[in-house]
Amino acid sequence: MSKTHLIIVPCHSIWKADEDDEQENFGQNPEHWLLAPFQYEGNDHLSFMMHSFLAIEKLVQNLANSVLLYSGSRTKLAAKDLSEARSYYMLSQKLLRAIECGDTLPEALSKHKHLMQVCTNILQILSQKRLSVEALFDLSVEVEEFALDSFDNLLYSIAKFNEMTGLYPSELTIVGFGFKQSRFIDYHAAAIDFPSQSINYISFEPQPSYVEAERLLQYYTGLAAQEKKNALDLFKDDWYGTRAVLANKKLSRNPFGLIASYNLPFELESPIESDEQFFQKNVCGIMPWSPRIL
């Protein structure tokens with residue numbers, strides 16, 4: 001059966017895979033990651049892991065026609081040649097193989113009921129299919145290592161899928177933070193003319209350690225405000241991220257000067273002066289995935 005379903009995990013950090021205590025490092029502690037200051041309060045590192053395993057769960061439920069891609073470039077000098085995507089890949093495989101082998105896990109993970117339940121579900125399905133974790137990753141999980149922002153996550157993952165399969169996906173599943181759903185579907189997918197009805201978004205939000213309702217409300221309200229200010233308002237005025245503010249953000253996340261070499265169905269100008277004109281001329285109705293008017 002041809003692969004038609006692309007599952008994307010947009011990556012947000014890099015797991016420190018080469019720590020001295022690597023055998024005890026399953027990503028359960030903040031210090032196991034190269035986190036930005038704002039990623040600590042919500043225990044974002046644990047959400048990254050949930051995104052990964054929710055995506056793998058979706059993959060094994062639809063294995064015949066699906067490919068899972070972790071998407072994220074080499075964004076940190078401290079991580080050297082390890083990309084965000086590769087680190088997620090390595091950590092996910094390591095943890096699932098540990099559970100598969102019956103190894104003892106750190107308490108912080110064994111007590112994370114939601115994460116453990118998802119991992120158990122994955123392994124039960126793999127057992128039914130007589131498939132090992134290693135075989136699953138070899139056959140159906142890959143990395144996209146050039147994306148520098150969320151727009152790249154979407155477009156480059158589609159290009160990588162085409163590179164792997166010779167086809168373009170007819171269905172997308174994106175697994176990430178719920179507060180970013182509008183950014184992906186209403187802004188990025190719209191900018192490349194991918195039909196929103198063919199996109200499924202699975203969300204898992206940051207989970208602060210405190211439980212006070214007022215404090216949680218303040219936290220999530222703040223997240224929404226920052227998303228609007230730092231992403232939605234910017235992409236509303238710069239659909240493809242080619243002008244100053246968004247382009248400079250991408251430049252700051254590219255310490256190794258990497259350049260993606262995908263065969264994209266349209267070439268981005270730099271900068272694009274009129275997004276609407278560019279869309280109408282180069283994208284609308286002519287993408288391999290564009291909605292067809294009957």
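The values are calculated or read from the model by the stated rules, or taken from the named source; none is laboratory data. Source: prediction; values computed, not measured. Please note: Cβ atoms are built from the backbone with ideal geometry, for glycine as well, and neighbour counts cover all protein chains shown.
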When the range 188-202 is examined, which residues are found to be under 21 Å from His51 (Cα atoms) and out of contact with any strand residue (DSSP E or B) (no Cβ under 7 Å at 6 or more places or on another chain)? His188, Ser196
Could you please let me know if Gly222 is surrounded by fewer than 21 Cβ atoms within 10 Å (Cβ to Cβ) and within 17 Å of the chain's Cα centre (by Cα)? no
Please work out which residue is nearest to Ala147 (Cα to Cα), limiting yourself to the range 254-277 and to residues that are of a type in the set (Ser, Thr, Tyr) and loosely packed, with under 15 Cβ neighbours inside 10 Å. Ser261
When the residues of the range 278-294 are filtered to those that are closer than 18 Å to Phe151 by Cβ and without any contact (Cβ under 8 Å) to a residue 60 or more places away in the chain, which remaining residue is surrounded by the most Cβ atoms within 10 Å (Cβ to Cβ)? Phe278
Would you mind stating whether Val143 is under 28 Å from Arg183 (Cα atoms), part of a helix (DSSP H, G or I) and either out of contact with any Asp or Glu (no Cβ under 8 Å at 6 or more places or on another chain) or not aromatic (Phe, Trp, Tyr) (or both)? no
Looking only at the range 146-168, and only at residues there that are in a helix (DSSP H, G or I) and among the acidic types (Asp, Glu), the one that is surrounded by the fewest Cβ atoms within 10 Å (Cβ to Cβ): Glu163
Enumeration of residues in the range 151-175 that are touching a strand residue (DSSP E or B) at 6+ places or on another chain (Cβ under 6 Å) and either aromatic (Phe, Trp, Tyr) or under 21 Å from Tyr88 (Cα atoms) (or both): Asn153, Tyr156, Ser157, Lys160, Phe161, Leu172, Thr173, Ile174, Val175
What are the residues in the range 264-294 that are polar (S, T, N, Q) and at pLDDT below 95, if any? Ser270
If you scan the range 116-145, which residues turn out to be of a type outside the set (A, V, I, L, M, F, W, C) and in contact (Cβ under 8 Å) with a residue 60 or more places away in the chain? Asn121, Lys129, Ser140, Glu142, Glu144, Glu145
Looking only at helices (runs of 4 or more DSSP H) that fall completely inside the range 4-116, which ones have 2 or more residues that are modelled with pLDDT under 95? 107-110
Note: among Val175, Val143, just one is in contact with a Phe, Trp or Tyr (Cβ under 7 Å, 6 or more places away or on another chain) and either closer than 28 Å to Ser196 by Cβ or surrounded by fewer than 21 Cβ atoms within 10 Å (Cβ to Cβ) (or both), namely Val143
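Suppose we filter the range 282-291 for residues that are outside any loop (DSSP other than H, G, I, E, B) and among the small types (Gly, Ala, Ser); how many remain?
Of the residues in the range 282-291, 0 are outside any loop (DSSP other than H, G, I, E, B) and among the small types (Gly, Ala, Ser).
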